[in-house]
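The block underneath contains the structure these notes are about, expressed in structure tokens.
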Amino acid sequence: MQLEPSWKARVGEYLQRPDMRQLSAWLRERKAAGARIYPPGPDIFAALEATPFDAVKVVVLGQDPYHGAGQAHGLCFSVQPGTPVPPSLQNIFRELQRDLGIPPPDHGCLLPWARQGVLLLNAVLTVEDGHPGAHAGKGWEGFTDHVVETLAREREGLVFLLWGAYAQKKGAVIDPRRHRVLRAPHPSPLSAHRGFLGCGHFSAANDYLARHGQAPVDWALPPLAGLAAP
């Protein structure tokens, strides 16, 4: 598992820790035992690959990858092109339309956001087919905590979108005097109506970026037919 160079320089040493080596060995054992693990190996660090350290402007924290075949590709809330849009992502698109008037796209691939500086980071980077949370508590959380802490410490003027109690707990280390921290309920159908729908986070993020001399994010995704290859 290789890290993008700018991330490797800052968090690569963490992967050499004994607990991370143990996680790597455990993943190999699960695969050897026939477990179907998502996302595919080359995509495990796709969020860091798509958004280098110095390019990060916005951080979205998810929990763990989608556990259905053909869905997860290493970016939180995102699915591979051509895969049906999951309910939480449908609600993200609903809020985007309410907030900025952007109609929902015909796919759920968020790679264009990542390429503009939106780090789409799950807390747990792998899962098993049909078993949500199967790899929770195995070591990924410490690594992704380290990613968040490093960003919060070494960068300034980032926007953190913390949707749901899990993400908000993970983001507790972020200094709101140095960064813009936006909190809302999770976009899941179970909680979206408690305040995610109506949160206005997309326009708030862009307003903050503009005030700090950064280009806003173009949240409009291109149609599937025009989506650039990964």
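At a glance:
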read-out	value
Flag if residue 137 is within 16 Å of the chain's Cα centre (by Cα), in a loop (DSSP other than H, G, I, E, B) and loosely packed, with under 13 Cβ neighbours inside 10 Å	no
Conditions (1) within 30 Å of residue 31 (Cβ to Cβ); (2) of a type in the set (S, T, N, Q); (3) open to solvent by 10 Å² or more (accessible area, probe 1.4 Å); number of the one not met by residue 206	(1)
Those residues of segment 72-90 which are out of contact with any helix residue (DSSP H, G or I) (no Cβ under 8 Å at 6 or more places or on another chain), open to solvent by less than 40 Å² (accessible area, probe 1.4 Å) and without any contact (Cβ under 8 Å) to a residue 40 or more places away in the chain, in sequence order	83, 86
Residue that is under 22 Å from residue 115 (Cα atoms) and part of a loop (DSSP other than H, G, I, E, B), where the choices are 222, 189	222
Residue identified as modelled with pLDDT of 95 or more, part of a helix (DSSP H, G or I), touching a Gly at 6+ places or on another chain (Cβ under 9 Å) and β-branched (Val, Ile, Thr) among 124, 148	148
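The values are calculated or read from the model by the stated rules, or taken from the named source; none is laboratory data. Everything numeric in this text was worked out from a predicted model, so none of it was measured. Every residue, glycine among them, receives a Cβ derived from its backbone with ideal geometry; neighbour counts consider all protein chains shown. Note: accessible area is taken over every heavy atom of the protein model, side chains too, but ligands, DNA and RNA are not part of it. Shrake-Rupley method; radii C 1.70, N 1.55, O 1.52, S 1.80 Å.
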